1. If you plug each phi of segment 95-111 into the Karplus form 6.51 cos²θ - 1.76 cosθ + 1.60 with θ = phi - 60°, what whole-Hz ³J(HN,Hα) values come out, in order, with x for Gly and Pro?
2. What does the highest-first list of 70-76, 45-51, 118-124 look like by mean Cβ count within 10 Å?
3. Ranked highest first by average number of other Cβ atoms within 10 Å, how do 85-98, 27-40 line up?
4. I'd like the distance between the alpha-carbon centres of segment 60-82 and segment 30-54, rounded to an integer number of Å.
5. Please give the length that would be gained between Lys86 and Ala67 if that part of the chain were fully extended, namely 0.36 nm times their separation in residues minus their C-alpha to C-alpha distance (nm, one decimal).
6. Over all alpha-carbon pairs in segment 28-134, figure out the percentage whose distance exceeds 22 Å.
7. To the nearest 20 debye, what charge dipole does segment 28-134 have about its Cα centre, counting +1 at the Cβ of each Lys and Arg and -1 at the Cβ of each Asp and Glu?
8. Short version: ³J(HN,Hα) in whole Hz for each residue of segment 34-46, in order, from phi by Karplus 6.51 cos²θ - 1.76 cosθ + 1.60 (θ = phi - 60°), x for Gly and Pro, what are they?
Amino acid sequence: MVFNKPNPLLSGKNRKAPFEQRALERVACSLRGEFFLEELSSWLPMEVLDLSAAGMKIRFESVFRNARLREEQFNWTDSRFRFLLKGEFFILSGYFLRIYSRAKSFFTVGVEFSAPAPEDQFKLAALYRCSVRRN
């Protein structure tokens, strides 16, 4: 997996690419993790649907401990995201971009990481490799 592979649609004459195009290519995956919601002072479970060195798309339930989550809680909101890697938690800072969809009792949300360090990018690659081995 190459995380830092530039997206050719965003270079040269193609700079006016559609909104959904990204500077870094994302790869489909199925990972489990959690995100911290300050308002509830809790870690909430999430599923990672795709991943890159710059961000990810996640899905999570819109109800947590009988509290209904609202879309506006996630628009440009800072958060922390944690994953279990080799028996230890790996935590990245980032923020929610927008809700892509709301289906049944789930939100699908875009996340951008806050400038992950190179060693964090290696950990992201390791997470992806683990998800490929499980599937």
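1. 8, 6, 8, 6, 8, 6, 7, 10, 10, 6, 10, 10, 9, 10, 10, x, 10
2. 45-51, 118-124, 70-76
3. 27-40, 85-98
4. Centre-to-centre distance over Cα atoms comes out at 10 Å.
5. Full extension of this stretch gives 3.6 nm more.
6. In whole percent, the share of Cα-Cα pairs in segment 28-134 beyond 22 Å is 25.
7. It comes to approximately 480 debye.
8. Going residue by residue, I get 9, 10, 9, 10, 3, 4, 9, 6, 9, 8, 10, x, 9 Hz, with x marking Gly and Pro.
Where a number appears in this text, it was derived from the coordinates with a stated rule and is not lab data. Computed from a prediction, not measured in an experiment: that's the story for all the values here. As a convention, Cβ positions derive from the backbone with ideal geometry for all residues, glycine included, and neighbour counts pool all protein chains shown.
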